Amino acid sequence: MLMSLLSGVILYAIIGHIIFTNKRRHEEMYVSRGASIIFSVFPIIFSRFVVPSIWSLLFFTALLLISLDSMYGQVNAITLSLMEVGVFSYIPYTTLAFIIVLFCVLLGLPFTMGNGVYLFEELDGSVSPVICFAALIEVIYVVWIYGLDQLDEGLEQSTGLTMNESWKWLLKWFIPAVLSAILIAWGMVSIVEHPSYMKYVGCLKEGTRGYLAPKPGFGKPT
């Protein structure tokens, strides 16, 4: 979480610098958000570096490796959880993992088609608050219900290490406060903004507040 916060601060500081130096409006730079910002803003950033092709190669290679690492952890967690259920206990680990990966590949195929970016952005905008809320509930349960002392004791038994007071303060106060602030901000924004699908299905006409031209291959506003 702290790494994501640091990355966001650096990223938007660079965007602000580009807007200021090029005298461009922020709407021209803020053409995307979420994961798609990687492919719209980072190329501009790397183009200003010395030997930009090497930096781009290193960055996207690291991004690929991080993605594979995250996928392995998620698939492993799902596979082991299903193997503890009696129905899937007789299936070998490799076979069950292959079935899960194949299912995820089929589930992700629509995002590679003509309207895939639109579907991805809609899903990303809809799922992110749910994930944030789930993380908040998890932190509240582990820290406030299960207890930091028991968590620290289990950590010491398994690794021989204990949490210092700064980590306890982060888990008990800082992280719940940040997650709550994000959820409140998202709720306030969702109240004042139009649903993003409206600009694609014709609910917003050209010239109205919030209008954007439809993505290629999707429905045109009326």
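I'm trying to understand the selection: among the residues of the stretch 135-149, which are surrounded by fewer than 11 Cβ atoms within 10 Å (Cβ to Cβ) and either over 16 Å from PHE174 (Cα atoms) or among the polar types (S, T, N, Q) (or both)?
Result: ILE145, ASP149.
Within the group GLY108, GLY154, which residue is loosely packed, with under 13 Cβ neighbours inside 10 Å, free of Cβ contacts under 8 Å to residues at least 12 places away in the same chain and either of a type in the set (Phe, Trp, Tyr) or closer than 22 Å to MET71 by Cα (or both)?
On the way: GLY154 fails: either of a type in the set (Phe, Trp, Tyr) or closer than 22 Å to MET71 by Cα (or both).
Matching residue, one of GLY108, GLY154: GLY108.
Which fully enclosed helices (runs of 4 or more DSSP H) of the stretch 1-107 have 1 or more residues being at pLDDT below 85 and of a type in the set (Ser, Thr, Tyr)? It would help to see each step written out before you state the result.
Values: elements: 2-22, 26-29, 42-46, 52-83.
It comes to 2-22, 52-83.
Quick check on the stretch 114-130. Is at least one of its residues surrounded by 12 or more Cβ atoms within 10 Å (Cβ to Cβ) and at pLDDT 85 or above?
The answer is no, given that none of the residues of the stretch 114-130 is surrounded by 12 or more Cβ atoms within 10 Å (Cβ to Cβ) and at pLDDT 85 or above.
When GLY114 is evaluated against the numbered criteria (1) farther than 19 Å from ILE182 by Cα; (2) in a helix (DSSP H, G or I), which criterion, by number, is the only one it fails?
Evaluating GLY114 over (1) farther than 19 Å from ILE182 by Cα; (2) in a helix (DSSP H, G or I) leaves (2) as the failure.
Residue by residue through the stretch 64-121, note down the ones that are among the aliphatic types (A, V, I, L, M) and farther than 30 Å from SER40 by Cα.
Of the residues in the stretch 64-121, the ones among the aliphatic types (A, V, I, L, M) are 64-66, 68, 71, 75, 77-78, 80, 82-83, 85, 87, 91, 96-97, 99-102, 105-107, 109, 113, 117, 119.
Correct list: ALA77, ILE78, LEU80, LEU82, MET83, VAL85, VAL87, ILE91, LEU96, ALA97, ILE99, ILE100.
The values are calculated or read from the model by the stated rules, or taken from the named source; none is laboratory data. Just so you know, these numbers come straight off a predicted model, no measurement behind them. Positions of Cβ are generated from backbone atoms using ideal geometry, with glycine treated the same way; all protein chains shown enter the neighbour counts.
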